[in-house]
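Heads up: the structure comes next, in structure tokens.
What follows draws every value from the coordinates through simple rules; no lab data is involved. What you see is a predicted model, and the numbers here were worked out from it, not measured in a lab. Reconstructed Cβ throughout: ideal geometry from the backbone, glycine too, with neighbour counts over all protein chains shown.
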Amino acid sequence: MSPRAAWRLETLGFTNVYDYVAGKADWFAAGLPREGELTSIPRTGDVAHRDDVTCRPTDRISVVIDRIRAAGKETCIVTTEGGVILGRVRTDRLDADAQVQVEEVMELGPTTTRADTTLEAIIERLNARKVESILVATSDGRLVGTLYRSDAEARLQEDRVEEAGQQIDQESCCCCKD
Amino acid sequence: MPTSIWREEVQRLMREEAAQLVEVLPRQEYQDEHIEGATNIPLKRLNRETTSHLDKARPIIVY
């Protein structure tokens, strides 16, 4: 639809027209700001931690160990220079020879989800797979952050409590009027 | 001729050139959720009148 709109604008005399082909699905998948009636539904990108330690496949284990420890993390996400996720290294794999390169010990192709996945959906998925966290990536495979199941469950619980509180307030208001 | 761009360029144009974002999907889809700061002109209503508020001196990004 957007290519036709871009051409239409040019026929209307606009000369500086761009077409964001990937559109809002791509934008939301990257966890970028959104507006509208459905924005109150919490998404993966809203609670993902964005402070992952990253490393390159050619980095030496010795360097990566120091970086992970300094950050107080348990994993390093292996990415390209542009941030595309290639793999993951867990601390229990870091007892290898310090001169070994990351690519020799990394776990390839870790599972990811998009930043616009609803928390309810991702919790169900994490529960089914019995895992505690999942990487969040853009539609072109770039790292957004890590979502922890505990954070997602806590956020949903907070929202439910808030919603219940609002309902009680509304009911109280109705009673007061009577 | 319109230029196809990706997310990073959209962000740059918005940040550095005050680009105007226009969602051309139907009204309800826009109301459900849209990119922050975007306005809505559904494709079927794209004409001189509905685009009169757009600034021709600044970039326009449609999606």
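Here are a few things to note about the model shown:
- Tail beyond 15 Å, pair distance distribution of the range A:44-105 (Cα, percent): 46
- Given charges at beta-carbon only (K, R positive; D, E negative), |dipole| of the protein assembly as shown in Debye: 720
- Relative counts (whole %) of C-alpha pair distances in the range B:7-62, using bins that are 5 Å wide: 4, 19, 30, 23, 18, 7, 0
- Neighbour-count ranking [beta-carbon atoms within 10 angstrom, fewest first] of A:SER2, B:SER4: B:SER4, A:SER2
- Of the GluC sites (Glu not before Pro) in the range B:11-63, the ones in a loop by DSSP (not H, G, I, E or B) with at most 13 other beta carbons within 10 Å are B:GLU36, B:GLU49.
- Among B:THR51, B:VAL22, B:ILE41 - extreme Cα towards positive end, dipole of the range B:7-62, charges at beta-carbon: B:THR51
- Volume of the convex hull of the range A:1-128 (Cα atoms only), normalised per residue: 163 Å³.
- Relative contact order of chain A, defined on C-alpha pairs under 8 angstrom at six or more residues apart (%): 23
- Per residue of chain B, the DSSP helices (runs of n ≥ 4 H) give a summed -39500 (n - 2.57) that works out to -7500 deg cm²/dmol at 222 nm.
- Rg and Dmax of the protein assembly as shown, both derived from C-alpha coordinates alone, stand at 22.6, 77 Å.
- Listed values for the range A:46-58 are Karplus-derived 3J(HN,Hα) couplings in whole Hz (6.51 cos²θ - 1.76 cosθ + 1.60, θ = phi - 60°), namely 6, 10, 5, 7, 10, 10, 4, 7, 10, 8, 9, x, 8, and x replaces Gly and Pro.
- Taking the helices alone, chain A has a mean residue ellipticity at 222 nm of -12500 deg cm²/dmol, built from -39,500 (n - 2.57) per DSSP H run of at least 4 residues and averaged over all its residues.
- With at most 16 other Cβ atoms within 10 Å, longest stretch of chain A clear of loop GluC sites (Glu not before Pro) (DSSP): A:82-131
- Of all DSSP beta bridges in chain A, antiparallel share, percent nearest 5: 75
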